[in-house]
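The values are calculated or read from the model by the stated rules, or taken from the named source; none is laboratory data. Everything numeric in this text was worked out from a predicted model, so none of it was measured. When we count neighbours, we look across all protein chains shown, and the Cβ atoms used for this are built from the backbone with ideal geometry, even at glycine. These area figures cover heavy atoms from the full protein model, side chains too; ligands, DNA and RNA do not enter into them. Shrake-Rupley method; radii C 1.70, N 1.55, O 1.52, S 1.80 Å.
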Amino acid sequence: VSRMWKVLAEDEVLWYRLCQQEGYLLDTSISDHSCWKLALKNCRAKERTLKTNWKNRIGAVSQLQYELGKILCDVHCCDGVVIAGYTSGEVRLWDTRTWDYTAPILEPVHGPDDAGPQPHVSFVRINSSLAVAAYEDGTVSVWSLMFGREPIHRYQHNQRIQALALGAEGATVATASGFEVKVESPNDRGFWQTMETFEIQKLVNFLNLVPDVTGSPVTVAAAEDIVYLLKAEDPGKILHSVYGQPVTCLDVSAHEAAFGVKTFGWLLNEPNQILLYNLETSQCLKKMGNSMGDFTCVNLQNSPPNMLVTGNKDRRVRVFDLRKSESLCSFYAHQLGVSAVQMDDWKIVSGGEEGLVCVWDQRMGTKLWEMHARHPVRHVWFNSHSLITANIPDDKTPRGASIGDDDLTAHRKHRGIIYAYEFSVDQLAVESILPICRSSYDEVTGYNYNIGLAVPYDNI
C-alpha cells in the first residue's frame with residue numbers, strides 16, 4: 001500500500017538484526033549478504049528440514065570400523081572428529097565432517113624395549129587441538145592435531161591409570177593413577193611439564209577439568225565417597241564427603257559440578273540423588289532426584305542453560321530443571337539401565353547397556369526412533385546435524401575372538417562399533433551413495449577374511 005513502508009520493511013539493517021537475534025550467521029558482517037531477508041528465510045528453512053530429518057531418521061549412517069585394531073576400548077569425539085583406542089594398542093582418528101578424509105593412525109613412541117605386543121588402550125580423549133591416549137601400562141601419549149602422527153608429549157605413571165581428563169579448550173591433561181592426580185600442560189615456551197601433583201586418600205573413579213578457567217587449571221575428582229576440588233592454591237579441598245555413600249557419575253560445567261550419590265535407602269530412608277555444587281562457593285545448591293536405582297550417567301556441560309539430563313540403573317532417563325528439585329520429565333528408556341545420555345532444547349539421545357540408542361522428543365516424552373547394536377553404548381555425542389554413537393564391548397579378551405592364531409583381527413561380533421549419522425541436507429547428496437560404492441583403491445592393507453586376494457585390499 002505504501003512505498004515508504006515497503007522501503008522500511010525491506011531495510012537490510014533490520015533483517016540483519018533479526019537474523020542475529022534468532023541466532024543465525026552470528027560471525028558474519030552486514031556486507032556478507034546482499035539480501036538478509038532471504039538469508040533469514042533460508043536459515044529457518046534449513047533448520048526446519050534438519051529437525052524433520054532428525055525426527056524421521058532421514059539421513060545417512062556410516063560405520064567407522066578398523067579391523068586391525070581388534071577390540072574397541074574407548075571412544076571420544078569433539079566437533080565431529082572421533083578418536084578410538086583399541087586392544088592392539090593403536091589409536092585412530094576419523095573426521096566425519098569430510099567423507100573423503102583418510103583416517104590416520106596415531107603412532108605411539110616406541111622405546112628400545114617395546115618389541116612385544118602393545119599394551120591395550122585404556123582411555124582416549126580429544127579436543128579441538130589435542131588427542132590423548134592412556135595405556136594399560138600407565139603410559140600417556142599426547143598428540144597435536146596440527147602436526148603429524150608422532151606424539152608431542154609422553155609421560156608415565158607407575159600404576160594403571162583409572163581416569164583421564166582433557167580440557168575442552170587449550171592444552172591441559174589430567175590423569176589419576178593410584179592415589180595420585182597429575183596435571184600436565186605446556187609452559188609459555190611450549191615445553192610440556194607437570195603443573196601439579198595432588199596426593200589423595202582414595203582411588204579416583206571420575207576425573208574432570210573445569211572448563212573456561214583463567215590461570216592454573218582446576219580439576220574435580222571423585223574418589224569413592226569423596227569429591228575433591230583440586231586447585232594449585234588449595235590442593236586437598238574436599239567439595240563433598242559422606243562416609244559410605246559412593247559417587248556413581250560426575251559432570252562439570254564452568255561454575256558447577258553435578259554428581260550422582262548412592263545411598264542405602266532402606267537404612268537412611270533417603271534414596272539415590274543427584275547433587276549440584278557451586279565450584280566457587282563450594283556450597284550444595286540442589287539435591288535432585290528420588291530413585292532407588294543408581295544414577296549411572298549425568299550430562300551438565302552439553303545441556304541447555306539451567307537444565308541437566310541423567311540416566312539411571314532403574315532404566316529411566318530424567319531431565320531436571322536446576323531451579324526446581326523434581327524432574328521435568330522421566331521416561332522408561334532401556335531394558336538394562338542407561339549408560340550414556342545427552343540433550344538439547346527439544347530432543348534427548350540416550351544409550352543403554354543392552355546396545356540400544358534412542359532419540360526422544362522431550363516435550364512430547366515420546367520415542368522418535370531407535371537403533372540397536374550388540375554391545376553397551378558407552379559414548380553418545382551430537383550437534384545440530386550429526387550424531388556419533390559407540391558400542392564398546394565389556395569383554396576385551398573374548399575366547400575365540402580370532403579366527404586363527406596368526407590372524408591380526410578379531411571376529412566382527414566381538415569388536416564393538418562406532419556409528420556416524422548425518423542429517424544435514426547439504427551432506428545427503430554425497431551420502432546417499434552407499435559406503436561400499438564410495439571405496440577408494442589406494443588402501444593396501446585390511447581384513448581379507450583369510451582369503452588370499454591377488455589384488456590390493458578394497459572395500460568392494
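Side notes on the structure shown:
- The residue of the range 1-28 that is farthest from the chain's Cα centre (by Cα), among those that are exposed (fewer than 12 other Cβ atoms within 10 Å of the Cβ), part of a helix (DSSP H, G or I) and among the aliphatic types (A, V, I, L, M), is Met4.
- Test: residue in the range 139-157 that is under 18 Å from Ala257 (Cβ atoms) and out of contact with any Gly (no Cβ under 8 Å at 6 or more places or on another chain): no
- Taken over the range 148-172, the criterion of being among the small types (Gly, Ala, Ser), crowded, with 21+ Cβ neighbours inside 10 Å and in a loop (DSSP other than H, G, I, E, B) is satisfied by Gly167 alone.
- Within the set Gly260, Gly311, Gly293, the sole residue that is open to solvent by less than 20 Å² (accessible area, probe 1.4 Å) and in a loop (DSSP other than H, G, I, E, B) turns out to be Gly293.
- Within the range 219-232, being open to solvent by 20 Å² or more (accessible area, probe 1.4 Å) and either among the polar types (S, T, N, Q) or over 18 Å from Gly178 (Cα atoms) (or both) holds for Lys231, Ala232.
- Among residues of the range 314-350, those that are closer than 22 Å to Val75 by Cβ and free of Cβ contacts under 8 Å to residues at least 60 places away in the same chain, counted: 15
- Among (1) exposed (fewer than 15 other Cβ atoms within 10 Å of the Cβ); (2) assigned to a loop (DSSP other than H, G, I, E, B); (3) within 33 Å of the chain's Cα centre (by Cα), the one test that Ser34 misses: (3)
- Those residues of the range 42-67 which are without any contact (Cβ under 8 Å) to a residue 60 or more places away in the chain and more than 25 Å from Asp361 (Cα to Cα), in sequence order: Tyr66
- Consider the range 40-55 and keep the residues that are out of contact with any helix residue (DSSP H, G or I) (no Cβ under 8 Å at 6 or more places or on another chain) and within 21 Å of Trp15 (Cβ to Cβ). The one that is most open to solvent (accessible area, probe 1.4 Å) is Arg48.
- Residue count for the range 345-391 satisfying the condition of being among the small types (Gly, Ala, Ser), touching a Gly at 6+ places or on another chain (Cβ under 8 Å) and surrounded by fewer than 22 Cβ atoms within 10 Å (Cβ to Cβ): 2.
- Residue within the range 90-111 that is in contact with a Gly (Cβ under 6 Å, 6 or more places away or on another chain), under 30 Å from Val61 (Cβ atoms) and modelled with pLDDT of 90 or more present: yes
- For the range 173-187, the criterion of being assigned by the TED database to the domain that holds His379, assigned to a strand (DSSP E or B), in contact with a Ser or Thr (Cβ under 8 Å, 6 or more places away or on another chain) and farther than 15 Å from Pro217 by Cα is met by at least one residue.
- Cys284 meets all of the listed conditions (1) in contact with a Phe, Trp or Tyr (Cβ under 6 Å, 6 or more places away or on another chain); (2) surrounded by 18 or more Cβ atoms within 10 Å (Cβ to Cβ) but one, namely (2).
- Condition met for Trp346 (over 27 Å from Ala168 (Cα atoms) and among the aromatic types (Phe, Trp, Tyr)): no
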